[in-house]
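Asker: I'd like to ask you about the structure that follows.
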Amino acid sequence: MTTDKKLIIAATALLDSGGEDALTLRAVGHASGVSHNAPYKHFKNRDALLAAVATRDFLMLAEAFQTVRKSSARPVAKLKKALKVVVDFSVEHPARYRLLFNDPAIAAQKGELEKTAFAAFAEFIVIVQECQAAKSLPDVPKTTLAGLLFATMHGLIALEASGRMHAEKGLSGVQSGLETLVHLLSPQRT
């Protein structure tokens, strides 16, 4: 395994175990078993290393969406599974989720990171488009609808993560909220 891959894996583990504050280039060098200066030879700075971690995670999300898309499930079931991929990621890896979807410095990055982020979203758009073709979602611009679904999902995740999701407010969980939204968007609902 190359040193840069070892550093990315170590950075990922540090994010998972201690959050973004635990991630310094020195700590990554130590955790990956290389000298404390080695990260500086592979990454310009901490933000470049974080971008590499985010790129890797967006690739993973793209692959997960692609697997869901290629499954034999019905289109709406695929959509629910694709949304669940992100919801599960947010629960299992909260610091990495925040890095991907809540970090303005990461959102401003161009190049490979931007390309992989859009590739992941493109896979999600295809799933939305399949739902539209099956008349399970309204016939509106597919990218707008995919963006709305993603934004709602992120909002629900944020409510739950901050402890503001309460049954008294009509919200019992992220997944149930998303399923309600998909149901409400269905032109075929009765």
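The values are calculated or read from the model by the stated rules, or taken from the named source; none is laboratory data. These numbers come from a predicted model, not from an experiment. No Cβ is skipped: glycine too gets one built from the backbone with ideal geometry, and neighbour counts run over all protein chains shown.
Asker: Which condition number in (1) assigned to a loop (DSSP other than H, G, I, E, B); (2) touching a helix residue (DSSP H, G or I) at 6+ places or on another chain (Cβ under 6 Å); (3) in contact (Cβ under 8 Å) with a residue 24 or more places away in the chain; (4) not aromatic (Phe, Trp, Tyr) is the one that Leu171 fails?
Answerer: (3)
Asker: While we're here: Scan (1) under 29 Å from Arg56 (Cβ atoms); (2) at pLDDT below 95; (3) loosely packed, with under 14 Cβ neighbours inside 10 Å; (4) not hydroxyl-bearing (Ser, Thr, Tyr) for the single condition Ala151 breaks and write down its number.
Answerer: The failed condition is (2).
Quick grid of which residues meet (1) at pLDDT 95 or above; (2) surrounded by fewer than 17 Cβ atoms within 10 Å (Cβ to Cβ):
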site: Pro141; (1), (2): yes, yes
site: Glu160; (1), (2): no, no
site: Met165; (1), (2): no, no
site: Gly170; (1), (2): no, yes
site: Gly173; (1), (2): no, yes
site: Ser176; (1), (2): no, yes
site: His183; (1), (2): no, yes
site: Pro187; (1), (2): no, yes
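Asker: Additional query: Within the range 120-133, can one find any residue that is in the same structural domain as Arg96 (by TED's automatic domain parsing) and either outside any helix (DSSP H, G or I) or modelled with pLDDT under 95 (or both)?
Answerer: To start, the set of residues in the range 120-133 that are in the same structural domain as Arg96 (by TED's automatic domain parsing) comprises 120-133.
Okay, now just the ones that are also either outside any helix (DSSP H, G or I) or modelled with pLDDT under 95 (or both), so none.
Within the range 120-133, none of the residues are in the same structural domain as Arg96 (by TED's automatic domain parsing) and either outside any helix (DSSP H, G or I) or modelled with pLDDT under 95 (or both).
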